[in-house]
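Below is one structure, written out as structure tokens; comments come after it.
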Amino acid sequence: MGVRDASREAAGCTVVVGITGGIAAYKAVGVVRGFVLAGFDVHVVPTESALRFVGLPTLEAISRNPVTTSLYDGVAEVRHVALGQRAELIVVAPTTANTLAKLAAGLSDDLLGTTILASRAPVLLAPAMHTEMWQHPATTANVALLRSRGVAVIGPAHGALTGGDTGPGRMSEPDDIVAAGLALLARRTGGTDAHPDDLRAERVVVSAGGTREPLDPVRFLGNRSSGRQGLAIAQAAAERGAEVVLVAAHLDADVAAEAAAVDGVRVVPVGTAAELAVAMEDVAADATLVVMAAAVADYRAAEIAERKIKKDDTGDELTLRLVRNPDVLAGLAAARVPGRLVVGFAAETAADHEELLALGRAKVARKGADLLVLNRVGWTDGFGTPDNEVVVIDGVGDVVGEATGSKRSIADRLLDLVLAHRAEPVRPQAGEPPPERG
Ligand code: CTP
């Protein structure tokens, strides 16, 4: 459910946003704002230590409600019980290791703890802490216990941490936390936009990352794909109930670490386009949805040098002879069976929207995909960034949707479009699927 779509569900609906004491508390303001913009009545419950990181006036101004941390304010109305009972959803962002431990133990020594215990609303936690704390067996056990009680956990993401180190521990992005909260709510209210398990019947195969074509034992031809968008699609599909296989060409290190940690996604690592083609053919055999988000090298070296290519042998100029790789997407589209949708991606250095559409239409006709996701890329756009902007066209080149936002929100939108496309009557494709190249 998108933020805009949520407003009709939100009227009169109370969301409690708990904030606990970590550096990421400043980002909680974005979470509060996201729910307010979506039309919810938002009540912020920071812990005392959260207020060392973010100011109470800011939280009151953004939430448009009074903010208190104390159990002893509003005693007459038994505030924690009142808030807990009124809440339709409780989100704690960030959740520190300490709060995870307290929640696992059912401690209620502050307003947040008592509110959560007094509530039967779904709870979403967005942990943020240093990698060592996140990976400590105590934290792992607390998270497992909370999950087993039905508590939802988003993140943490992998990335740069406050101490300058890098690893899993960063709080998920506010937009993603709001989207996950809305999905939980939709699941509870059974709203039409809900995607509780709406992909349960699907077997989804997603390719992601960039292939690497070796030139010699130490060098390769590669590309700048991070694999982030493909991982987001795999993750979203798994959370919506699908059985998911991620065929992973080279992924950025943080994306690879996240992929390894995602629940319900089987990762099949590949290197070259040829390896990717073989893996896709294998895992797509019984798939109901195939998404080719990987950036596949169109060419590979005609000969791979057995030993490192040496300048003494090649001189001032080196000419590489490359040969064409098979077009995996076109092959999968040509081989698809009824009930299987094949989705491609096209990253284009188009000058404008019109050129992007023209290039996309030619490509979808050439490849025979059911849907093609188009985005503009350049030296600075599209690669390795958390956000993306896409246009989706169908097999005859009609625009069926557009989306801007986090790669995760684009993933959910794309999956919505896939489901909508399934529901449509079959139309002829713009062109016959081409034979496999190579
Ligand atoms: N693709 C593929 N096999 C290839 C090349 C691309 O399966 N050998 C897939 C990509 O995974 C993507 C789609 O085709 O889903 C479009 O990729 P893109 O690189 O944009 O298309 P190309 O066919 O390489 O066209 P060009 O580079 O000429 O724009």
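The values are calculated or read from the model by the stated rules, or taken from the named source; none is laboratory data. Quantities reported herein were computed from a predicted structural model and do not represent experimental measurements. Cβ sites come from the backbone with ideal geometry, for glycine too, and all protein chains shown count toward neighbours. Areas reflect the complete protein model, heavy atoms only, side chains present, ligands, DNA and RNA absent. Shrake-Rupley method; radii C 1.70, N 1.55, O 1.52, S 1.80 Å.
Taking all protein chains into account, the per residue accessible area for the chain stands at 47 Å² (1.4 Å probe).
All alpha carbon pair distances within segment 4-189 were sorted into 10 Å bins beginning at 0; the resulting P(r) in whole percents reads 10, 41, 38, 11, 1. Measuring nothing but how far apart in sequence close Cα pairs (under 8 Å, 6+ apart) lie, relative to its length, segment 63-150 scores a relative contact order of 35 percent.
Against the empirical curve 2.2 N^0.38 Å, the C-alpha radius of gyration of segment 170-321 lands at a ratio of 1.31. Under a Gaussian network description of the chain, with springs only between Cα atoms under 10 Å, the residue in 132, 348, 275 that fluctuates furthest is 132.
Derived from the Cα gyration tensor, the three semi-axes of the equivalent ellipsoid of segment 226-290 are 17, 16, 8 Å, largest first. Here the relative contact order of segment 122-226, from alpha carbon pairs under 8 Å that lie six or more residues apart, stands at 21 percent.
Across segment 106-116, computed HN-Hα scalar couplings (Karplus, 6.51 cos²θ - 1.76 cosθ + 1.60, θ = phi - 60°) run x, 6, 9, 9, 8, 5, 5, x, 5, 4, 5 Hz from first to last residue, x flagging Gly and Pro.
In segment 65-161, which trypsin sites (Lys or Arg not before Pro) are in a loop and have at most 16 other Cβ atoms within 10 Å, using DSSP for the loop call?
Values: sites: 79, 86, 102, 120, 147, 149; in loops: 120, 149.
When the trypsin sites (Lys or Arg not before Pro) of segment 65-161 are filtered for loop state and at most 16 Cβ neighbours within 10 Å, 120, 149 remain.
Sorting the segments 399-405, 290-296, 236-242 by their mean number of nearby beta carbons within 10 angstrom, highest to lowest, gives 290-296, 236-242, 399-405. Round to a whole number: what % of the accessible area of the chain belongs to carbon and sulfur, probe 1.4 Å? It is 53 percent, rounded to a whole number. Using a Gaussian network model of the chain in which every pair of alpha carbons under 10 angstrom is joined by a spring, one finds that among 157, 126, 350 the greatest mean-square fluctuation is at 350. Averaging 1/r across all pairs of distinct Cα atoms in the chain and inverting the result yields a Kirkwood radius of 23.4 Å. Compared with the alpha-carbon gap, the fully stretched path from residue 352 to residue 198 is longer by 51.9 nm at 0.36 nm per residue. Pull out a ≥ b ≥ c, the square roots of the eigenvalues of the alpha-carbon gyration tensor of segment 83-135, then state rounded if a/c is under 1.5, prolate if not and a/b is larger than b/c, and oblate in the remaining case. Prolate. Modelled spin labels at residue 101 and residue 261, positioned 7 Å past Cα toward Cβ, are 1.9 nm from each other. If the segment from residue 165 to residue 281 were pulled out straight at 0.36 nm per residue, it would be longer than the present Cα-Cα gap by 37.8 nm.
Backbone phi angles across segment 230-243, fed through the Karplus curve with coefficients 6.51, -1.76 and 1.60 (θ = phi - 60°), yield HN-Hα couplings of x, 4, 4, 5, 4, 5, 4, 5, 5, 5, 8, x, 6, 8 Hz in residue order; Gly and Pro are listed as x.
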